[in-house]
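J.: Structure in structure tokens, see below.
None of the figures in this text is laboratory data; all of them are computed from the coordinates on show. Small disclaimer: the values here were computed from a predicted structure and weren't measured.
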Amino acid sequence: MSASNSKSILSGATRQLHERWADTRLSWRDHKAEEFEKAYLTELFDRVASTVRVIEELELLLHKVHADCD
């Protein structure tokens, strides 16, 4: 699996989770929902964003290494 493909799958799954969570929050509006979001989802979304940036940096580096080897 390529880095671009992995990045796309991760980004798509995260986007889908974010959308479903937004739908869930329409009906789940108590403090437990807020606790859940703060305890799990906020950190998850932040870490995925960081991971996607690192994948992009690695992808650029791999392209450079490959070009330098040619």
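J.: What number in nm² do you get for the chain if you take the convex hull of its Cα atoms and divide its surface by four?
T.: One quarter of the hull surface, i.e. the mean projection, equals 5.1 nm².
J.: Straight-line reach only, C-alpha to C-alpha below 18 angstrom: list the aspartates and glutamates that Lys64 could link to, leaving out same-chain residues fewer than 8 apart.
T.: Here the aspartates and glutamates satisfying the reach criterion relative to Lys64 are Glu56.
J.: Follow-up question, since we're still on this one. To the nearest 10 degrees, how steep is helix 3-27 against the longest Cα principal axis of the chain, on a 0 to 90 scale?
T.: 10
J.: Another question about this same structure. Can you give the extra length, in nm with one decimal, that the chain gains between Leu41 and Val54 once fully stretched, where that is 0.36 nm per residue apart less the Cα-Cα distance?
T.: Extending this stretch completely gives an extra 2.7 nm.
J.: Mind checking which aspartates and glutamates have their Cα closer than 20 Å to the Cα of Lys32? Skip sequence neighbours fewer than 8 apart in that chain.
T.: Glu19, Asp23, Glu43
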